[in-house]
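Comments concern the structure below.
The values are calculated or read from the model by the stated rules, or taken from the named source; none is laboratory data. Since we're looking at a predicted model, the values are computed, not measured. Here the Cβ is made from the backbone with ideal geometry for all residues, glycine too, and neighbour counts use every protein chain on show. Just so you know, the surface numbers come from the protein's heavy atoms only, side chains and all, with ligands and any DNA or RNA stripped out. Shrake-Rupley method; radii C 1.70, N 1.55, O 1.52, S 1.80 Å.
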Amino acid sequence: MMTDENTTIAARIAESLGERIISGALQPDVPLRQDLVAREFNSSHVPVREAFRQLEARHLVVAVPRRGVRVAPLDTNLLKEIAEMRAALEVVALRNAAPILTSTHLARIELALIEADNAQTIQEFETANRRFHQALVAPCAMPRLLASLDGLQIENSRLMFAMARSVGWRPRSNQDHRLILQALRARRVDQACNLLARHIQTIERLALSAS
């Protein structure tokens, strides 16, 4: 049985390993050994096994018979599918969130936009970019939809980090994000949704051309 302490440790292990997998610090198909992970986090094997289960649910690791737990493979062919799903689902979430956005919500969106503009590394940019997209849709209060979007964003982030390693990355301002925020401030919901869908599809085209 998992104790509260083990649950907390498992969440910390899953968060740490998840970020390494997303950023590419842990490469696809790399084995994850329970004993080594337990030693790193100074824990027993119980929370490590739970952390592996959480990561498997997020499609970040796979349990392979006779080979143990390994970092999930990275398939760039999934980029089109991920982008189309994000464009559809994120617009649904934004359309439900936009009418109830408060000044506090808009301030969170703007802060994430500024952090992305000021990012000096791909890691800083991707963290801020994820925060921006999450802030856009969080008020929709549709937990199943938000969970699906979180999973798609994780896949998208892994692919973006892989693309950045192969073709490079440089700091830049994101005009699409700025236009989306402007439309939301003006309560032009249809325009904001159209801009968001176009933004996600543009990312897909740019990534495919670089791959």
Between 0 and 90°, nearest 10: helix 103-118 axis offset from the chain longest Cα axis: 70 degrees
Charge dipole (debye, nearest 20) of segment 36-152; +1 at Cβ of Lys and Arg, -1 at Cβ of Asp and Glu: 560 debye
Accessible surface, per residue, of the chain when the full set of protein chains is kept, probe 1.4 Å, Å²: 53 Å²
Most mobile of ALA83, ALA38, ALA51 in a GNM of the chain (Cα contacts under 10 Å): ALA38
Whole-Hz ³J(HN,Hα) from phi, Karplus 6.51 cos²θ - 1.76 cosθ + 1.60, for segment 81-88, glycine and proline x: 4, 4, 5, 5, 5, 4, 4, 6
Distance between segment 27-100 and segment 122-199 - C-alpha centres, whole angstrom: 19 Å
Cα-only Debye scattering, segment 1-148: base-10 log of I(q)/I(0) at q = 0.09, 0.13, 0.17, 0.21 Å⁻¹: -0.38, -0.77, -1.12, -1.26
GNM flexibility winner over the chain from VAL137, VAL37, VAL48 (Cα, springs under 10 Å): VAL37
Restricting segment 7-108 to GluC sites (Glu not before Pro) in coil, as DSSP defines it, with at most 15 other Cβ within 10 Å: none
Cut-off under 5 Å, modelled amide H: who pairs with VAL61 long-range: GLU56, ALA72
